[in-house]
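**Student:** Have a look at this one before I ask anything.
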Amino acid sequence: MLRSPPTVLRDSASFRAACDDARARGARVGFVPTMGALHEGHLELVTRARATCDFVVVSIFVNPTQFGPNEDFARYPRDEAGDLERLASVSTDAVFLPTPDAMYPAGERTRVHVGGLGDHFCGPFRPGHFEGVATIVAKFFGLVGQATAVFGRKDYQQLAILRRLATDLFLPITVVGVPTVRESDGLAKSSRNRYLTAEARAEAVAIPRALAGAHARFAAGERHAAALVGPVRDALRSTFDSVDYADLGDPDTLVPFPDEARVPPRTLLAVAVRTGTTRLIDNVVLGEDRSPVPEGS
Ligand code: AMP
């Protein structure tokens, strides 16, 4: 089906006006924040927004404040033309493409810190990251107004932090989380997969396989933390240059479980590894999510 290309909005006033106008027409607004280099995971979020909303707007913004000084801000993949084409292939009404100056105008000073949820997992490895994420998303939420905002469970900790943010600040935003979209071998789709050499891409399948192993042990009744996560750590350490963490934790508070714990019926297993200069993350909520590797593959 031929669809019209989305309207491109570049300044915050026209983004706010487009959302306000849509609501004035009686439309429900759906909002999908991204950093671009869009793939099927992002498009799934758009499809999910479209399922309950009449006006769907996607933001594409590589947010400088969520990158550390030694991270990949400068080389993060940017592909505006390709992204607009991909968004035209799903049903997107508007795309917000601000400049850094539009989101961080001279004199702005506010930073948003969501307490506690960023203390473990990725938090210690990316100082300032979640504050940057919470700050930019709070700015977006301030512009978009009453809406449903859709995020991926691939960034599970980010999703938990943004849910908390919307609740704690009484924002008129319903936060929705969408299951991780994966390649056929189970690797979570990610804009950063573009960085991987063929060899690193082949090795990366160790991530979903390790998670799937824990998923199978959990399904067979294993509840001892060390028995669930120990083989995950072994597999990742034997494959990757370094493993930031492979930890179990409470899926709501994001407090890790110690190795000697018996874990509850819903347990987050999250991992982050580095291969070359690329950092990859993945997770599964044991007792809730499907296995990251389809049965029989
Ligand atoms: P990013 O552009 O990486 O900042 O991601 C933008 C949004 O897309 C976030 O809510 C991510 O969690 C989500 N996302 C990224 N990759 C996937 C994926 N493989 N499956 C589902 N959602 C994803």
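**Student:** Fewest to most neighbouring Cβ within 10 Å: what's the order for Val285, Val232?
**Tutor:** Val285, Val232
**Student:** Hey, another quick one. Taking every DSSP beta bridge that has both residues in the chain, what percent is antiparallel when rounded to the nearest 5?
**Tutor:** 50
**Student:** Output the 0 to 90 degree angle, nearest 10, between the alpha-carbon long axis of helix 156-168 and the longest principal axis computed from the alpha carbons of the chain.
**Tutor:** 50
**Student:** Can you bin every Cα-Cα distance in region 202-245 into 5 Å intervals starting at zero and give me the percent of pairs per bin, rounded to whole numbers?
**Tutor:** Per 5 Å bin, starting at 0, the Cα pair percentages come out as 5, 24, 32, 21, 12, 5, 1.
**Student:** Another question, if that's okay. Obtain the nm distance between the two label points defined at Ala226 and Thr253 by a simple spin-label model: each point lies 7 Å from its Cα along the Cα-to-C-beta direction.
**Tutor:** 2.3
**Student:** Would you mind classifying region 175-248 by shape? Square roots of the alpha carbon gyration tensor eigenvalues, ordered a ≥ b ≥ c; an a/c under 1.5 is rounded, otherwise it is prolate if a/b is larger than b/c and oblate if not.
**Tutor:** Taking the square roots of the gyration eigenvalues as a ≥ b ≥ c, region 175-248 is oblate.
**Student:** Placing one identical point scatterer on every Cα of the chain and ignoring solvent, what is log10 I(q)/I(0) from the Debye formula at q = 0.07, 0.08, 0.14 Å⁻¹?
**Tutor:** Debye intensities relative to I(0), on a log10 scale: -0.27, -0.35, -1.08.
**Student:** Would you list the P(r) distribution for region 1-71, with all Cα-Cα distances sorted into 5 Å bins from 0 and each bin expressed as a whole %?
**Tutor:** Once binned at 5 Å, the Cα pair distances of region 1-71 give 4, 14, 20, 25, 19, 10, 5, 2, 1, 0.
**Student:** Also, quick follow-up: Which net charge results for the neighbourhood of Phe121, defined as the other residues with beta-carbon distances under 14 angstrom from its beta-carbon, given Lys and Arg at +1 and Asp and Glu at -1?
**Tutor:** -3
**Student:** Using the reciprocal of the averaged 1/r over all distinct C-alpha pairs, how large is the Kirkwood radius of region 161-297 in Å?
**Tutor:** 15.8
**Student:** Here's something else I'd like to know. Output the Cα-based Rg and Dmax of region 106-188 in Å, rounding Rg to one decimal and Dmax to a whole number.
**Tutor:** 13.9, 47
**Student:** Local charge sum around Lys189 (other residues, Cβ-Cβ under 13 Å, Lys/Arg +1, Asp/Glu -1)?
**Tutor:** So the environment of Lys189 carries a net charge of +1.
**Student:** Taking the Cβ of each residue in Leu196, Leu280 as the centre, tally the other Cβ atoms inside 10 Å and list the residues starting with the fewest.
**Tutor:** Leu196, Leu280
**Student:** If you don't mind, there's one more thing I want to ask. Taking every Cα atom in region 29-167, find the radius of gyration and the maximum pairwise distance Dmax, and write them in Å.
**Tutor:** 14.7, 40
**Student:** Let me have the relative contact order for the chain, percent, based on Cα pairs under 8 Å that are six or more residues apart.
**Tutor:** This gives 17 percent for the chain.
**Student:** For the chain, modelled as a Gaussian network with Cα springs under 10 Å, which listed residue fluctuates most, Asp185, Asp101, Asp234?
**Tutor:** In the Gaussian network model the winner is Asp101.
**Student:** Relative to the first principal axis of the alpha-carbon coordinates of the chain, what is the inclination of helix 206-219, with its axis defined by its Cα atoms, in degrees from 0 to 90 and to the nearest 10?
**Tutor:** For 206-219 against the chain, the angle is about 70 degrees.
**Student:** Just for the Cα atoms in region 244-297, what are the lengths along the principal axes, largest first, rounded to whole Å?
**Tutor:** So the three principal-axis extents are 34, 29, 20 Å.
**Student:** Nearest 10 degrees, 0 to 90: what angle lies between the long axis of helix 80-89 and the longest principal axis of the chain (Cα atoms)?
**Tutor:** With both axes taken from Cα atoms, the answer is about 90 degrees.
**Student:** How would you rank Thr47, Thr275, Thr197, going from fewest to most other Cβ atoms within 10 Å of each one's own Cβ?
**Tutor:** The fewest-first ordering by Cβ neighbours comes to Thr197, Thr47, Thr275.
Bear in mind these aren't lab numbers, they're just calculated from the coordinates by the rules spelled out. None of these values were measured; they are calculated from a predicted model. Note: ideal-geometry Cβ built from the backbone for every residue, glycine included; neighbour counts use all protein chains shown.
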